[in-house]
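Before any comments, here is the structure.
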Amino acid sequence: MTDAAIDTRSSAAQPMGPRGAAYPPSATITMAHGGGGRAMRGLIEKVILPAFNNPLLATLEDQARISMAGLASLGDRLAFTTDSYVVTPIEFPGGDIGKLAVCGTVNDLAVCGARPLFLSCGLVLEEGLEIADLSRIAESMGRAAREAGVTIVTGDTKVVERGAADRLFVNTAGIGMLPAAIDIQANRARPGDAIIVNGNLGDHGIAILLARNELALSAAVQSDVAPLYSLIVSMRAACPDIHCMRDATRGGLATVLNEFAVSSNVGIRVREAALPLDPAVRGACEILGLDPLYLANEGKVVAVVPGIHADAVVAAMRSHPEGRAAAIVGEVCTQPAGSVILSTAIGGDRVVDMLVGEQLPRIC
Amino acid sequence: MQYADEFRDPAKARALVTEIARLAAPLAAARSRPLQVMEVCGGHTHTIFRYGLKAMLPEDAIEFVHGPGCPVCVLPMGRVDDCVALTRDPNIIFTTFGDAMRVPGSQGSLLQAKANGADVRMVYSPLDALQIARANPHREVVFFALGFETTMPGTALTVLQARREGVANFSLFCNHITIIPTMQAILDSPELRLDGFLGPGHVSMVIGNRPYDFIARHYRKPLVVSGFEPLDLLQSLWMVIKQIAEGRCEVENQYTRIVQEDGNAEALAAVSEVFELREFFEWRGLGSIDHSGVRMRAEFAGFDAERKFAMPGVQVADPKSCQCGEVLKGLIKPQQCKVFGSACTPEKPLGALMVSSEGACSAYYQYGRIDVRGRGPAAGAAGAAGAAGAVGAAGAAA
């Protein structure tokens, strides 16, 4: 059976336009929109359905029904994940909470080698949110889903009183299919393996920090939020036996590498001079006393691959739009087991530990 | 990156390290112990660990002793309790530098107060706090003023600006401290073994180099005012060791691109207009030190949170098991403290030096527990197993 047996694409042939009168430009969410009645139905039909635009969702049943045979043709294991998105502000340079909610969950599936297929979307709306804002976010989710090759097939909308949420929270769960023989796990790093990242670190963390506008700093830094499945397909083509892979979100590269080092009981050495960093991000880190190794990313994958395949993987990544700045940043070694060591640009060595709490800007 | 990369050149670093090792080896051999050089400032401690300088230097010839110059670390618990008490007033917006939020008092930290609903806001400058006061005329905005002479002028100028504009709902909770009496207290310690000092660059930018003269003259210790980039520190260390090798005790300035001989007259004028010395001030880990803190002068009473609001003002003794004082004087290394990594960790700091990322114990915990040369866990790293457990748990949850 081919991929066509399971159609995860949107039905572009029958765009479902808004039914009934559109909302006036300044309309806001009220408790009625979560009440289960006419107002909620109207919101779903006018805002959500047109944005997500697919026949599975359009039936408006309480559940999406997915063919087992279609799934089984794509792999022998189901990959299943969930994540909640609460970012402030909900729109930021390079993306928004909707795109983030799609890409984050898609990437959590993709990094184990699974092909992401279906998402659910749970929305928690704060009373007073402008419907125009919700509409923009929903359209962004729909766009991101189409770009990532997934369908948002089921969902839920709740409204909470003003103050009980920060405008808009999104939860997405996702399922994907994992082809037989793929075995990507945090405990498979081996001495001699290479550590590869697909591009500049910390863009998302700094973009959000600057977008909050609390630090009187400005720089043209865009969030890196992006779906990574097709990049990972090209990486697997260059090296079928990727040992470990994770997306470096909260906690950054440092956290992912510590997880690999501990799970695999190996040492990991990273070269500071090899870390891809946007000069503006580096500058912001210098000014604020932040360490880019711990900054959040939303479109960065960290892969551990056998050393002999490293160059081929990097070459494959560089020919993909999400991997243009891909680089080998370090190696796996035997000692010190369970730890990550950074060889600093000046020629020193230091431990890169898990972060305690949040990074806070230093006083002076 | 301009103005940063030129101070991180590995070839120049190697040359300095070679020269330092050559000069220090016979001096250490003559003493049968490594030369002990104190970097006074927490920013220097941070640079030493962040760039891995300690691992570049011969450990049998050079030992860094991490000084008291981390203003966040040395905040006593009682003052944090005062902050937390202030935040319980719903009319107060409490503003603070980010890294002060984690400092524990006996009633918890400001981060915890915020989690419990207090209006605590992180700012990057006292001017941000003043802006919040302008924007919230019906609420009281308190700025948690702390730091050495480095941050004092900024706070003083903000108060002067608030007075000019007549912003009556802005005040400081003043915890500024001054470095010289504290260095003197350390130098007066009978067990002292220090061989020299790296002087604090940004404090010196304000106060100049002359206030350190007594250290060279009276205590016969060399001091080099140092910048904060890795090459700054290595060059300054080389200058200190060169003085020792040549039998000199002088105050030298490595950080000439920033520090002027007499400091910054305008900054000093603003500081002395707004602040006056306290009789004494309590330091976490070091106890009470005479004339080591400042308070606001009486004519600024309207901007002084201590005069404006009722605060408990209760002294809270440091936990008995803490050996921060001994670490600060270089008598023991952080990992030799009884509670390092067990009762005292960055997650639950007991002592001053575990509190901020610039504190010596926190730096050792974060960067120094594991032998970076790949010889397995460093001696005395009691906390390593616990931290590995935490890593494992986080990995499972991701």
| field | Given charges at beta-carbon only (K, R positive; D, E negative), |dipole| of the protein assembly as shown in Debye | value | 720
| remark: Rh (Kirkwood, all Cα-Cα pairs) for region B:136-232, Å, reads 15.9
| task | Would you pull out the residues with amide H under 5 Å of residue B:121's amide H, same chain only if 5 or more places away, H placed 1.01 Å from N? | result | B:94, B:95, B:96
| request: Quote the FRET efficiency, to the nearest 0.05, computed for residue B:27 versus residue A:230 with a Förster distance R0 of 60 Å and r equal to the Cβ-Cβ distance. | output: 0.45
| Using a Förster distance of 35 Å, the FRET efficiency for residue A:77-residue A:143 (Cβ separation, nearest 0.05) | 0.75
| Which pairs break 24 Å Cα to Cα here: B:114/B:333; A:300/B:54; A:158/A:300; B:12/B:221; B:54/B:242? | B:114/B:333; A:300/B:54; A:158/A:300; B:12/B:221
| Which whole-Hz ³J(HN,Hα) couplings does region B:72-87 yield from phi under the Karplus relation 6.51 cos²θ - 1.76 cosθ + 1.60, θ = phi - 60°, glycine and proline marked x? | 6, 4, 8, 5, x, 4, x, 6, 5, 4, 4, 4, 4, 4, 4, 5
| note | Projecting the Cα atoms of A:174, A:128, A:205 onto the charge dipole of region A:102-224, where Lys and Arg contribute +1 and Asp and Glu -1 at Cβ, the residue farthest towards the positive end is A:174
| request: Positive end of the charge dipole of region A:3-178 (Lys, Arg +1 and Asp, Glu -1 on Cβ, about the Cα centre): tell me which of A:78, A:160, A:37 has its Cα farthest that way. | output: A:37
| query | Regarding chain A, what are the three Cα extents along the principal axes, ordered largest first, in Å? | reply | 66, 58, 30
| Quick one: what does P(r) look like for the protein assembly as shown with 10 Å bins over all Cα pairs, in whole %? | 3, 13, 21, 23, 19, 13, 7, 2, 0, 0
| request: Count neighbours as other Cβ atoms within 10 Å of each site's Cβ, and list the chymotrypsin sites (Phe, Trp or Tyr not before Pro) in region A:32-129 that are DSSP loop with at most 10 such neighbours. | output: none
| Once the piece of chain linking residue B:14 and residue B:280 is laid out straight, how much longer is it, given 0.36 nm per residue of separation minus the C-alpha distance between them? | 91.3 nm
| What is the order of B:266, A:45, fewest Cβ neighbours within 10 Å to most? | B:266, A:45
| Pairs of alpha carbons in region A:3-178 whose separation is greater than 25 Å (percent) | 31
| request: Could you work out which residue, out of A:297, A:107, A:171, moves most in a Gaussian network model of chain A, that is, has the largest mean-square fluctuation with Cα springs under 10 Å? | output: A:171
| request: May I ask which residue of B:350, B:1, B:173 lies farthest towards the positive end of the charge dipole of the protein assembly as shown, with charges of +1 (Lys, Arg) and -1 (Asp, Glu) on Cβ and the Cα centre as origin? | output: B:350
| Across region B:109-118, in residue order, what do the Karplus-derived ³J(HN,Hα) couplings come to in whole Hz, using 6.51 cos²θ - 1.76 cosθ + 1.60 with θ = phi - 60° and x for Gly and Pro? | 9, 5, 4, 5, 4, 4, 4, 7, x, 5
| With r defined as the distance between the Cβ atoms of residue B:347 and residue B:88 and R0 fixed at 35 Å, what FRET efficiency is calculated, to the nearest 0.05? | 0.90
| request: Given the peptides A:212-220, A:253-261, B:190-198, arrange them by the average over their residues of other C-beta atoms within 10 Å, most packed first. | output: A:253-261, B:190-198, A:212-220
| task | Report the residue, chosen from A:252, A:202, A:307, that carries the largest GNM mean-square fluctuation when chain A is represented by alpha-carbon nodes joined by springs under 10 Å. | result | A:307
| note | Per-residue average of other protein chain Cβ atoms inside 10 Å, peptide B:48-56 -> 6
| field | Exposure proxy ranking, count of Cβ atoms within 10 Å, fewest first, for B:291, B:138, B:66, A:309 | value | B:138, B:291, A:309, B:66
| Which of the cysteines in chain B are isolated, no other cysteine C-beta under 4.7 Å? | B:41, B:83, B:174, B:249, B:322, B:324, B:337, B:344, B:361
| Taking a label point 7 Å from the Cα of residue B:191 along the Cα→Cβ vector, which residues of region B:309-339 have an amide N closer than 18 Å to it? | B:318-339
| message | For residue B:315, project a label point 7 Å along Cα to C-beta. Then give me every residue of region B:52-94 with its amide nitrogen under 12 Å of that point. | response | B:78
| message | How high is the relative contact order of region A:186-351? Use alpha-carbon pairs under 8 Å, at least six apart in sequence, and give a whole percent. | response | 43
| query | Over its Cα atoms, what ratio of radius of gyration to 2.2 N^0.38 Å does region B:49-136 give? | reply | 1.47
| query | Taking the Cα centre of chain A as origin and charging only Cβ (+1 Lys, Arg; -1 Asp, Glu), how large is the dipole, in debye to the nearest 20? | reply | 420
| field | Net charge dipole size for chain B [Lys, Arg +1 and Asp, Glu -1 on Cβ; Debye, nearest 20] | value | 840
| task | Return a whole-number percent for the relative contact order of chain A, with Cα pairs under 8 Å and 6 or more residues apart as the contact set. | result | 20
| note | chain A, Gaussian network, Cα under 10 Å: of A:207, A:189, A:69, the residue fluctuating most is A:69
| field | chain B - Debye-derived log10 I(q)/I(0), Cα point model, q = 0.07, 0.11, 0.12 Å⁻¹ | value | -0.33, -0.83, -0.98
| query | Scattering from the C-alpha atoms of region A:243-364 alone, worked out with Debye: what is log10 I(q)/I(0) at q = 0.22 1/Å? | reply | -1.52
| remark: Ranked on Cβ counts within 10 Å of their own Cβ, fewest leading, A:125, A:119, A:60, A:210 go A:60, A:210, A:125, A:119
| query | Which whole-Hz couplings ³J(HN,Hα) result when phi for each residue of region B:227-233 is put into the Karplus expression 6.51 cos²θ - 1.76 cosθ + 1.60, θ = phi - 60°, listed in order with x for Gly and Pro? | reply | x, 10, 7, x, 5, 4, 5
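Rule-based calculations on the coordinates, nothing more; no lab input. The model shown is predicted, which means the values in this text are computed figures rather than measured ones. Backbone-built Cβ (ideal geometry, glycine too); neighbour counts: all protein chains shown.
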